[in-house]
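Heads up, the thing below is written out as structure tokens.
The values are calculated or read from the model by the stated rules, or taken from the named source; none is laboratory data. A quick note: this is a predicted structure, and the numbers were derived from the prediction, not measured. Cβ: placed from backbone, ideal geometry, glycine included. Neighbour counts: every protein chain shown.
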Ligand SMILES: [Zn+2]
């Protein structure tokens with residue numbers, strides 16, 4: 001009798017468990033079906049691989065990040081899905097004009113892509129990628145990184161293979177994904193000194209010029225695109241952040257003082273002739289220093305764009321300088337610093353990191369996640385304390 005009771009009880013329990021399992025399965029099926037789950041669009045934002053610097057330490061800053069995203073990291077970092085990636089400049093690591101050897105290394109590291117095409121990545125030039133004004137215009141970036149596909153033989157970029165075609169040139173271009181409009185602007189550190197790098201003394205030494213620069217034409221293009229596309233969710237990509245938005249983007253905040261009071265490199269190298277005041281932000285428009293053209297427009301038209309994605313100032317998640325961190329909200333715009341994939345470029349080791357933005361069809365919420373590519377700061381993978389959800393000016397529509 002006891003046995004029968006136990007058996008009945010067991011049968012009952014098994015039945016309940018089976019019911020739960022079936023219900024769970026049905027639920028799982030429902031959420032996995034395309035109709036039930038809203039489509040997501042994932043934008044991986046990364047920057048500053050400085051491949052020539054890290055390779056000296058036998059670290060493949062760009063290829064490692066790509067492998068981690070597609071297959072997971074060697075220290076336990078999980079792989080993650082992404083639809084497109086933005087790579088916001090500073091492929092090169094040196095302080096002079098980058099070499100063809102470094103360009104070949106950049107292309108070799110892009111070769112780590114297995115589940116994505118090279119054309120899924122949208123790039124712009126950073127200050128380190130610049131040539132000098134006496135050479136063919138930005139030849140290195142155009143030859144080896146080549147967002148416009150001008151030099152497919154060397155860069156391997158086939159414009160026709162872009163899922164989202166670009167409109168424009170290596171210097172400035174746009175592309176659309178549903179009602180997302182991306183406006184991408186390269187840095188112009190190739191303009192003559194003091195705006196950009198170039199021979200700074202009789203010995204023809206080339207200066208390092210971390211301050212950001214674009215031309216007036218690029219600003220006008222951006223302004224025009226912003227004004228004509230008020231019904232879009234506008235995402236701007238540039239190597240630099242705007243003035244006084246995120247970590248260390250204020251005047252002189254790129255450096256620290258040594259004990260004797262002299263300036264010492266911190267986020268950026270100190271170069272007295274290279275506009276050090278503006279080393280960590282977009283400082284020049286043409287040859288006008290501290291131009292603040294973008295800042296002025298956004299102050300006058302809050303929310304004119306939704307997101308400004310930049311990099312340049314390498315940081316760890318909690319790093320705060322000038323009372324600002326890697327993600328800030330100002331003038332109705334979210335500013336996100338995505339730097340950096342490099343571990344060795346700065347005088348101090350900075351934990352390599354990138355960001356993942358997840359847009360959901362029909363939703364005005366965008367999830368921002370912080371990925372650590374090493375375990376210098378915390379475990380490799382998602383750093384949850386830095387994760388957040390932002391509210392866009394309008395819902396994202398993938399098919400708009
Ligand atoms: Zn930079």
message: Between 208, 216, which is surrounded by fewer than 17 Cβ atoms within 10 Å (Cβ to Cβ) and either more than 16 Å from residue 294 (Cα to Cα) or at pLDDT 95 or above (or both)?
response: 216
- request: Please work out which one of (1) surrounded by 22 or more Cβ atoms within 10 Å (Cβ to Cβ); (2) assigned to a loop (DSSP other than H, G, I, E, B) is the condition residue 115 fails and give its number.
  value: (1)
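Per-residue answers, yes or no, for (1) over 18 Å from the mean Cα position of the chain (by Cα); (2) more than 24 Å from residue 313 (Cβ to Cβ); (3) away from the ligand (no atom under 15 Å from the Cβ); (4) in a loop (DSSP other than H, G, I, E, B):
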residue	(1), (2), (3), (4)
109	no, no, yes, no
122	no, no, yes, no
125	no, no, no, yes
128	no, no, no, no
132	yes, no, yes, yes
137	yes, yes, yes, yes
141	no, no, no, no
150	yes, yes, yes, yes
message: Restricting to the stretch 35-55, and then to whatever is in a loop (DSSP other than H, G, I, E, B) and modelled with pLDDT of 95 or more, can you tell me which residue is farthest from residue 187 (Cα to Cα)?
response: 39
- request: With the checklist (1) surrounded by fewer than 17 Cβ atoms within 10 Å (Cβ to Cβ); (2) over 21 Å from residue 49 (Cα atoms) in hand, flag the one item residue 162 doesn't pass.
  value: (1)
- request: Could you tell me whether residue 177 is surrounded by 19 or more Cβ atoms within 10 Å (Cβ to Cβ), in contact (Cβ under 8 Å) with a residue 60 or more places away in the chain and within 30 Å of residue 39 (Cβ to Cβ)?
  value: yes
message: Among the residues in the stretch 374-384, are any under 15 Å from the mean Cα position of the chain (by Cα) and either surrounded by fewer than 16 Cβ atoms within 10 Å (Cβ to Cβ) or without any contact (Cβ under 8 Å) to a residue 60 or more places away in the chain (or both)?
response: no
query: Could you count how many residues in the stretch 373-386 are farther than 13 Å from residue 318 by Cβ and either in a strand (DSSP E or B) or touching a strand residue (DSSP E or B) at 6+ places or on another chain (Cβ under 8 Å) (or both)?
result: 5
message: Condition first: more than 17 Å from the chain's Cα centre (by Cα) and under 27 Å from residue 265 (Cβ atoms). Now tell me which residues in the stretch 286-318 satisfy that.
response: 287, 288, 289, 290, 291, 292, 294, 295, 318
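Let's see how each residue does on (1) surrounded by 22 or more Cβ atoms within 10 Å (Cβ to Cβ); (2) in contact (Cβ under 8 Å) with a residue 60 or more places away in the chain; (3) in contact with a helix residue (DSSP H, G or I) (Cβ under 8 Å, 6 or more places away or on another chain); (4) closer than 19 Å to residue 191 by Cβ:
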| site | (1), (2), (3), (4) |
| --- | --- |
| 95 | no, yes, yes, yes |
| 107 | no, no, yes, no |
| 119 | no, no, yes, no |
| 126 | yes, yes, no, yes |
| 131 | yes, no, yes, yes |
| 134 | no, yes, no, yes |
| 137 | no, no, no, yes |
| 141 | yes, no, yes, yes |
| 158 | no, no, yes, no |
- prompt: Can you name every residue in the stretch 56-77 that is under 17 Å from residue 114 (Cβ atoms) and either in contact with a helix residue (DSSP H, G or I) (Cβ under 7 Å, 6 or more places away or on another chain) or part of a loop (DSSP other than H, G, I, E, B) (or both)?
  reply: 60, 62, 63, 72, 73, 74, 77
task: Can you tell me which residue among 244, 227, 253 is over 18 Å from the mean Cα position of the chain (by Cα) and within 16 Å of the ligand (Cβ to nearest atom)?
output: 253
- request: Scan the strands (runs of 3 or more DSSP E) fully inside the stretch 270-358 and keep the ones with 2 or more residues being touching a strand residue (DSSP E or B) at 6+ places or on another chain (Cβ under 8 Å), within 16 Å of the ligand (Cβ to nearest atom) and in contact (Cβ under 8 Å) with a residue 40 or more places away in the chain.
  value: 282-285, 307-310, 333-337
